[in-house]
1. In this structure, does V49 turn out to be outside any helix (DSSP H, G or I), β-branched (V, I, T) and either open to solvent by 40 Å² or more (accessible area, probe 1.4 Å) or touching a residue at least 12 places away in the same chain (Cβ under 8 Å) (or both)?
2. So V36 passes all but one of these: (1) modelled with pLDDT of 95 or more; (2) open to solvent by 50 Å² or more (accessible area, probe 1.4 Å). Which condition number does it fail?
Amino acid sequence: MSPLAGPFAIACVLVAGAGALKASRPTDTANALRAVGVPVGRRGRIAVVRTFGMAEVAAGAVALLTGNAV
């Protein structure tokens, strides 16, 4: 086992956790996107944030389960 396995696993869990929070509570991130001028309506921003949050959860889980970078 590599000495970097622990930090890699921690990073995977942090990525998946951040994605889960974005998917469950997208409002703050959607407001941040609006503040920087992303030209999408409110519902669209929330949908985009939820979609990318779920993608983060999937990426973190796949990386953790396979032990490879995604």
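The values are calculated or read from the model by the stated rules, or taken from the named source; none is laboratory data. Predicted, not measured: the structure shown is a model, and the values here were computed from it. Virtual Cβ from ideal backbone geometry, glycine too; neighbours counted across all protein chains shown. To get the accessible areas, we keep the full protein, side chains included, count just its heavy atoms, and leave off ligands, DNA and RNA. Shrake-Rupley method; radii C 1.70, N 1.55, O 1.52, S 1.80 Å.
1. Criteria not met by V49.
2. Unmet condition: (1).
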